[in-house]
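Asker: Shown below is the structure under consideration.
The values are calculated or read from the model by the stated rules, or taken from the named source; none is laboratory data. The model shown is predicted, which means the values in this text are computed figures rather than measured ones. Cβ: placed from backbone, ideal geometry, glycine included. Neighbour counts: every protein chain shown. Just so you know, the surface numbers come from the protein's heavy atoms only, side chains and all, with ligands and any DNA or RNA stripped out. Shrake-Rupley method; radii C 1.70, N 1.55, O 1.52, S 1.80 Å.
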Amino acid sequence: YSMTTQSSHQQRGFTLIELMVVIVIISIMASLVVMNLSGTDQRKAMQARELLMLDLQRINREANDQSRIYALSTQPATDVQPFRYELLAYRTANASHQHALNNTHQHALNQGRDESASNDTWAQVKDQPMKALPQGVSFSIQAEAHEFKNANNSDLISADAPKLIWLGNGEVKPVTIQMYFEQKPVGALIRVDYLGKVIDES
């Protein structure tokens, strides 16, 4: 009888309370892992935000030092590409026209149509490669109302022009920028004022 009792004690399974404790522990550990992964991704978004702010400050310096007109262009994320942004340089009317004429001369026979000068208003800055943000990270640019005293070129200040333009004369089209991770705001607004100063609103 004692051997039977001992055998039955050895074969005893987990009680309901023990199972509940194990499930709770596993749930806590899983939630900590998920929170840690999410925190890592948000840190990547914040790092991208800091790098963007440094880029904006550098572009402002270069535009003023070289008296060049620059614009920030963004490309939304796709299934195969993350969110990207690049620096564009404004072509003067004469340069745009000449570039269009060159393109027409080279491609009109192949394509059977003229190249439009309006498509050549902006050109990518060669020594400034396009930059990609981490997966799931993006930002939006919101233009702010401003009256420009020294700029009257419709290519630059019209509604169709890029939202963020350094006008090369010390003025900038003022904007606010919000960083996102998976379409949720991350960090405070970044404001670029009409003189190009980059202001962290946090």
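Asker: Residue-wise, which Karplus ³J(HN,Hα) couplings in Hz belong to the stretch 155-164, taking 6.51 cos²θ - 1.76 cosθ + 1.60, θ = phi - 60°, and x for glycine or proline?
Answerer: Listing the rounded values in order: 4, 9, 10, 6, 5, 7, 6, x, 5, 10 Hz.
Asker: Summing +1 for each Lys or Arg and -1 for each Asp or Glu, what net charge is found among the other residues whose Cβ lies under 13 Å from the Cβ of GLN75?
Answerer: +1
Asker: Could you state how much accessible area LEU19 has, in square angstrom rounded to the nearest 10, with a 1.4 Å probe and all protein chains kept in place?
Answerer: So the heavy atoms of LEU19 present about 80 Å² to solvent.
Asker: For PHE139, PHE14, PHE148, what's the largest-to-smallest order of accessible area, 1.4 Å probe?
Answerer: PHE14, PHE148, PHE139
Asker: If you add up the charges near ASP41, with Lys and Arg at +1 and Asp and Glu at -1, over every other residue whose beta carbon is less than 15 angstrom from its beta carbon, what do you get?
Answerer: In short, +3.
Asker: If you don't mind, there's one more thing I want to ask. I'd like the accessible area for ASP127: 1.4 Å probe, protein heavy atoms, all chains in place, Å² to the nearest 10.
Answerer: Solvent-accessible area, nearest 10 Å²: 110 Å².
Asker: Which of the aspartates and glutamates could a cross-linker bridge to LYS44, judged by Cα under 17 Å and excluding same-chain residues fewer than eight apart?
Answerer: Leaving aside aspartates and glutamates fewer than 8 places away in the same chain, those within reach of LYS44 are ASP55, GLU182.
Asker: Of LEU189, LEU16, LEU156, which has the most accessible area with a 1.4 Å probe, and how do the rest follow in descending order?
Answerer: So the residues, ranked largest to smallest area, are LEU16, LEU189, LEU156.
Asker: Give the ranking of ASP79, ASP200 by solvent-accessible surface, highest area first, calculated with a 1.4 Å probe.
Answerer: Descending accessible area places them as ASP79, ASP200.
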